[in-house]
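The values are calculated or read from the model by the stated rules, or taken from the named source; none is laboratory data. Nothing here was measured: the structure is a model prediction, and the numbers come from that model. All Cβ positions, even for glycine, are placed from backbone atoms using ideal geometry, and neighbour counts span all protein chains on display.
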Amino acid sequence: MYPAGTLRIHELTAEERAVYATLKPERLPEHVAIIMDGNGRWAGHRSLKRFLGHQQGAKSVQLVTETASRIGLPWLTLYAFSLENNLRRPRAEVNFLMRLLKTYLEANVQRMMDNNVRMKYIGRTHELPAEVQEKMRWAEEATAGNTGTTLTLALNYGGRSELVDAFRSLAAEMKLKHIGPDRITEEDIHRHLYTAHMPDPDLLIRTSGEMRLSNYLLWQIAYTEIFVTERLWPDFRGIHLLEAIADFQRRERRYGGLSEGAGEEAERIKIAAG
């Protein structure tokens, strides 16, 4: 967590401050990942074209990111464009999303600087159009010196393809170093993931009410708490991020173990049986 001096709680809206006041700052998640779903449905409910839903969704990205930076959230990872989107969506929509990404970066890098946000990306980004990659590198380099929230956009990303890429890279390393497969550890696999430089998510938020992971961070979310909201992504704001964090803080994370109370109960049963 960041030193208290770097927090900008005074920049939250009154409604956001009211929710933040219920949180325990020392128990904020270190990493929040979000499946941003519902842009098309948001547009459809309003009899608008899908691209207007995507434009409104891009606004939500910036607003949520700024709230994350104000409360000192270290890592925020957003599922922006999946490998399946690239392969299965109409080409006109894919082309629009690529233009929207370029426009988003051009329009918001200064706001990223103002909010001390650092840009990163995960996915098979080398398969994106060259002009998009160039704009991505520009934004990443421009914000590289920032020390606040790291905003990671998952672009042309798929959880299974990430594992394939990790296994290929690990296999090449094993061959080079003459390492046998029986010596592979979880840490070896972790080192070759796109996310090797960041902690696993503590909290995964999915908008639009869908109860599925959509091939997102499959390795990393083994013990992640999941929060699903019916709210569509274009309507999602910083206050809703804070509400999800409040729900997260009411949970007890056990990582496959027992809660403290359950452990005491098991010990009493053991003593009684003895």
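Taking (1) crowded, with 22+ Cβ neighbours inside 10 Å; (2) in contact with a strand residue (DSSP E or B) (Cβ under 6 Å, 6 or more places away or on another chain); (3) acidic (D, E) in turn, E162 satisfies each apart from (2).
Table: residues versus (1) assigned to a helix (DSSP H, G or I); (2) charged (D, E, K, R).
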residue	(1), (2)
A58	yes, no
T65	yes, no
L73	no, no
L78	no, no
N95	yes, no
M98	yes, no
E106	yes, yes
V132	yes, no
M136	yes, no
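Of all residues in the stretch 108-123, one or more are at pLDDT 95 or above, within 20 Å of the chain's Cα centre (by Cα), among the β-branched types (V, I, T) and assigned to a helix (DSSP H, G or I). Could you list, in sequence order, the residues of the stretch 194-209 that are farther than 21 Å from E243 by Cα and touching a His at 6+ places or on another chain (Cβ under 8 Å)? Matches in the stretch 194-209: A196, M198, P199. Only residues that are over 12 Å from I35 (Cβ atoms) and aromatic (F, W, Y) were counted in the stretch 200-253, giving 3.
Residues of the stretch 153-168 include at least one that is within 22 Å of S60 (Cβ to Cβ), modelled with pLDDT of 95 or more and hydroxyl-bearing (S, T, Y).
Residues of the stretch 203-216 include at least one that is more than 26 Å from R27 (Cβ to Cβ), in contact with a Ser or Thr (Cβ under 8 Å, 6 or more places away or on another chain), surrounded by fewer than 14 Cβ atoms within 10 Å (Cβ to Cβ) and not hydroxyl-bearing (S, T, Y).
The set of residues in the stretch 119-131 being surrounded by 18 or more Cβ atoms within 10 Å (Cβ to Cβ) and at negative phi consists of M119, K120, Y121, I122, T125, L128.
Of all residues in the stretch 142-169, those being within 20 Å of the chain's Cα centre (by Cα) and not in a strand (DSSP E or B) number 14.
Among the residues of the stretch 65-93, those that are of a type in the set (A, V, I, L, M, F, W, C), closer than 21 Å to S214 by Cα and either under 21 Å from the mean Cα position of the chain (by Cα) or buried (at least 23 other Cβ atoms within 10 Å of the Cβ) (or both) comprise W75, L76, L78, A80, F81, L83.
Determine, yes or no, whether I179 is surrounded by fewer than 16 Cβ atoms within 10 Å (Cβ to Cβ) and without any contact (Cβ under 8 Å) to a residue 60 or more places away in the chain.
Yes; evaluated as a whole, the condition is true for this residue.
Of the listed requirements (1) of a type outside the set (F, W, Y); (2) part of a helix (DSSP H, G or I); (3) out of contact with any Leu (no Cβ under 9 Å at 6 or more places or on another chain), S47 misses just one: (2). From H54, H45, H10, H31, grab the single residue that is crowded, with 17+ Cβ neighbours inside 10 Å and more than 20 Å from F227 (Cα to Cα). Checking each option against the conditions leaves just H54. Out of S82, S47, one residue alone is touching a residue at least 12 places away in the same chain (Cβ under 8 Å) and small (G, A, S). It is S82.
What do you reckon, is E66 among the acidic types (D, E) and farther than 30 Å from P199 by Cα? The answer is no for E66. For the residues M174, M198, the requirement of being surrounded by 13 or more Cβ atoms within 10 Å (Cβ to Cβ), in contact (Cβ under 8 Å) with a residue 12 or more places away in the chain and not charged (D, E, K, R) singles out M198.
When H190 is tested against (1) under 14 Å from the mean Cα position of the chain (by Cα); (2) closer than 22 Å to R124 by Cα, just one condition goes unmet, and that condition is (1).
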